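What follows is a set of notes on a single structure, which appears directly below.
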Amino acid sequence: MKRSAFVRLATEDDVPALQLLIQGLADYEGASKDCHATESALNSTLFQQPPFVGTTVFLLELGPLLESPKGLVASNGVGNHGVLTIGASKGKTPEPRVPANGAATYSSFHEESHEVNLTCAEETSASAAPYRSPRDKTRTIVGFALCFPRYVCYMARNALFIDGLHVREAFRRQGLGTILLTTVAQQAAKRGFARVDWIVEDWNVSAIKFYEGMGAPVMPNLLTCRLKGDNLGAYAS
């Protein structure tokens with residue numbers, strides 16, 4: 001099935017679908033009890049700063065079929081597979097703020113489109129309904145990537161840290177995760193970030209192989225330390 005895949009920046013209108021995606025990621029990683037990302041919490045904490053200055057959320061959407069059963073190509077043509085087609089930016093994405101030191105160029109991000117050939121089953125209307133794009137009702141949101149700048153002291157530059165990368169289960173192994181991660185990496189490189197970092201669960205062998213195939217090896221000498229809950233609260237007194 002040939003479909004158009006679109007990557008765009010999330011806005012406040014996308015919070016209901018984004019909340020479901022984040023909950024899906026938590027469920028997949030066995031962290032459901034630790035997920036407190038309600039719609040209210042997301043509305044009050046996201047979109048406080050321009051993209052690439054604060055937290056940035058990319059959404060991956062699928063459009064309708066490009067070919068009918070008779071093989072007719074729909075009129076909303078897209079670029080060749082793997083080639084980005086830059087489209088007009090829509091929605092309520094705030095204008096980026098250029099940092100005073102000029103360390104990176106925070107130019108606006110315009111929606112990108114790809115042609116993909118999916119082998120997964122067609123989604124039912126009922127399962128797609130909660131993920132309908134508020135921007136275009138013919139599209140369905142199938143994945144997200146959430147990232148933010150993180151200063152690397154010994155490089156004296158910002159890195160881009162991916163805190164969440166998720167594709168809905170029915171749409172995995174279709175190359176959609178590659179589109180999301182490639183988009184993040186391209187934007188980081190264009191904007192002068194030193195590197196892109198993220199964490200992967202050690203049991204998630206398929207994800208590790210995927211990331212290594214993208215040129216991002218696991219750093220075996222690094223371990224994550226974390227203060228949370230009561231252990232963190234003890235320092236408040």
Within the stretch 113-143, track down each residue that is assigned to a loop (DSSP other than H, G, I, E, B) and without any contact (Cβ under 8 Å) to a residue 24 or more places away in the chain.
Thr124, Lys137
Which residue pairs have Cβ atoms under 9 Å apart, sit 6 or more places apart or on different chains, and have a first residue in the stretch 209-237 that is without any contact (Cβ under 8 Å) to a residue 24 or more places away in the chain and a second that is among the hydroxyl-bearing types (Ser, Thr, Tyr) and assigned to a helix (DSSP H, G or I)?
Gly213/Thr178; Pro217/Tyr211; Val218/Tyr211; Leu227/Tyr235
Looking at Thr11, is it β-branched (Val, Ile, Thr), out of contact with any Leu (no Cβ under 8 Å at 6 or more places or on another chain) and either over 21 Å from Ala185 (Cα atoms) or modelled with pLDDT of 95 or more (or both)?
yes
Find the residue count for the stretch 162-187, including only residues that are buried (at least 17 other Cβ atoms within 10 Å of the Cβ) and closer than 20 Å to Phe47 by Cβ.
8
Looking only at the stretch 4-22, which residues are of a type in the set (A, V, I, L, M) and touching a strand residue (DSSP E or B) at 6+ places or on another chain (Cβ under 7 Å)?
Ala5, Val7, Leu9, Ala10, Ala17, Leu18, Leu21, Ile22
Long-range neighbours under 6 Å by Cβ, at least six apart or interchain, first residue under 19 Å from Gln49 (Cα atoms) and assigned to a strand (DSSP E or B) within the stretch 144-167, second modelled with pLDDT under 95 and not hydrophobic (A, V, I, L, M, F, W, C):
none
Within the stretch 217-237, is even one residue buried (at least 16 other Cβ atoms within 10 Å of the Cβ) and aliphatic (A, V, I, L, M)?
no
Of the residues in the stretch 186-237, those that are among the charged types (D, E, K, R), under 16 Å from Phe161 (Cβ atoms) and not in a loop (DSSP other than H, G, I, E, B) come to Asp197
Per-region count, the stretch 29-56, residues buried (at least 16 other Cβ atoms within 10 Å of the Cβ) and part of a helix (DSSP H, G or I):
1
Answer yes or no: is there a residue in the stretch 134-154 that is over 25 Å from Leu46 (Cβ atoms), of a type in the set (A, V, I, L, M, F, W, C), at pLDDT 95 or above and surrounded by fewer than 20 Cβ atoms within 10 Å (Cβ to Cβ).
yes
Among the residues listed as Arg139, Arg150, the single one being in contact with an Asp or Glu (Cβ under 9 Å, 6 or more places away or on another chain) and under 14 Å from Val7 (Cβ atoms)
Arg139
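The values are calculated or read from the model by the stated rules, or taken from the named source; none is laboratory data. Being a predicted model, the structure only gives us computed values, none of them experimental. Cβ coordinates were reconstructed from backbone atoms using ideal geometry, including for glycine residues, and neighbour counts include every protein chain displayed.
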